[in-house]
Amino acid sequence: MAELLRTNRLLVRDWTTADAEAALKLFGHETLQRWAPEFAGLSGISDAAVMQDVLQRWAVEQRDMSPGTGRWALVALDGGALVGAISLLPMPVPEADVEIECQLAPEYWGRGYITEAAWALAHWAFEHSLVELFALVPPDNARAAATARRIGMEWVGESDKYHGQSLQVFRLRPDDLASAVRNTPG
Ligand SMILES: CC(C)(COP(=O)(O)OP(=O)(O)OC[C@H]1O[C@@H](n2cnc3c(N)ncnc32)[C@H](O)[C@@H]1OP(=O)(O)O)[C@@H](O)C(=O)NCCC(=O)NCCS
């Protein structure tokens with residue numbers, strides 16, 4: 001499996017169908033299901049066979065994705081557990097824009113894992129020709145908004161143009177990332 005990058009505590013790597021059981025535990029967790037927006041395509045993942053199909057589809061799609069985009073698994077370097085997921089995906093409008101999405105298993109919340117991974121992945125994206133990144137956060141998802149701000153994202157407004165529901169829009173540019181460096185683990 002292809003490794004994308006490593007941070008102090010995490011490995012960011014491609015998904016494989018061998019992840020089906022652990023991925024089902026992650027995406028099927030009731031807390032993550034509660035926060036999974038309909039548009040993310042993660043709701044209704046109910047058993048390992050469905051999960052395996054989804055992972056297979058992601059693997060195929062990954063080969064044709066534009067530079068600077070993709071879907072990856074987050075694995076703890078200490079112990080090798082699958083702890084979360086992180087993606088850079090084209091947004092519906094305009095298509096050239098890219099959204100960062102992430103999910104972390106609830107037992108790992110509060111350790112700075114997503115801040116660490118998102119910060120490193122944003123660096124990678126900016127090195128791969130992206131000039132800005134966005135996050136779309138449901139208004140009641142305070143944790144996701146806090147993470148967006150922690151990596152240096154700036155709130156740029158509220159919009160329903162992306163997925164037909166009102167979402168807080170955060171934007172990250174390379175300079176924002178540089179200014180967030182002192183807040184993030186190396
Ligand atoms: C959004 C989500 C990924 C955030 O998880 P998280 O663990 O809070 O994210 P972070 O990596 O930013 O961690 C921040 C927390 O770790 C703490 N922390 C500990 N060590 C840290 C470190 N080295 N660096 C940064 N934060 C650290 C922070 O103080 C903060 O703690 P708090 O929860 O008490 O405020 C998680 O809640 C989730 O998966 N939610 C469901 C899916 C979802 O909403 N995804 C986003 C869709 S837009």
Which whole-number percent gives the relative contact order of region 3-183, counting Cα pairs below 8 Å spaced six or more residues apart? 18
May I ask for the distance between the Cα centers of region 153-180 and region 80-96, given as a whole number of Å? 15
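When DSSP assigns beta bridges and you keep just the ones with both residues in the chain, what percent turn out antiparallel, to the nearest 5? If you can, show how the numbers build up before the last one.
On the way: 31 of 32 bridges.
Antiparallel bridges make up about 95 percent of those DSSP assigns within the chain.
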So what is the calculated 222 nm ellipticity per residue for the chain, using -39500 (n - 2.57) for each DSSP H run with n of 4 or more, over all residues, to the nearest 500 deg cm²/dmol? -9500 deg cm²/dmol
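Determine, from the Cβ-Cβ distance of LYS25 and ALA142 and an R0 of 25 Å, the FRET efficiency 1/(1 + (r/R0)^6), rounded to the nearest 0.05.
Working: r = 25 Å, r/R0 = 0.98.
Computed FRET efficiency for LYS25 and ALA142 comes out at 0.55.
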Sorting ASP64, ASP160, ASP19 on the 10 Å Cβ count, fewest up front, what's the list? ASP64, ASP160, ASP19
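Round to the nearest 0.05 the FRET efficiency obtained for ARG34 and GLU127 when R0 = 45 Å and r is the Cβ-Cβ distance.
It comes to 0.85.
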Rounded to whole Å, give me the distance from the Cα center of region 1-28 to that of region 102-120. 13
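From the square roots a ≥ b ≥ c of the eigenvalues of the alpha-carbon gyration tensor of the chain, which class results: rounded (a/c under 1.5), prolate (a/b over b/c), or oblate? Kindly include the intermediate steps, with their values, before the conclusion.
Values: a/c = 1.36, a/b = 1.19, b/c = 1.14.
The shape class here is rounded.
Bear in mind that the values in this text are calculations on the coordinates, not laboratory data. This one's a predicted model, so the numbers in the text were calculated from it and none came from an experiment. Because the Cβ atoms are built from the backbone with ideal geometry, glycine has one as well, and the counts that use them run over all protein chains shown.
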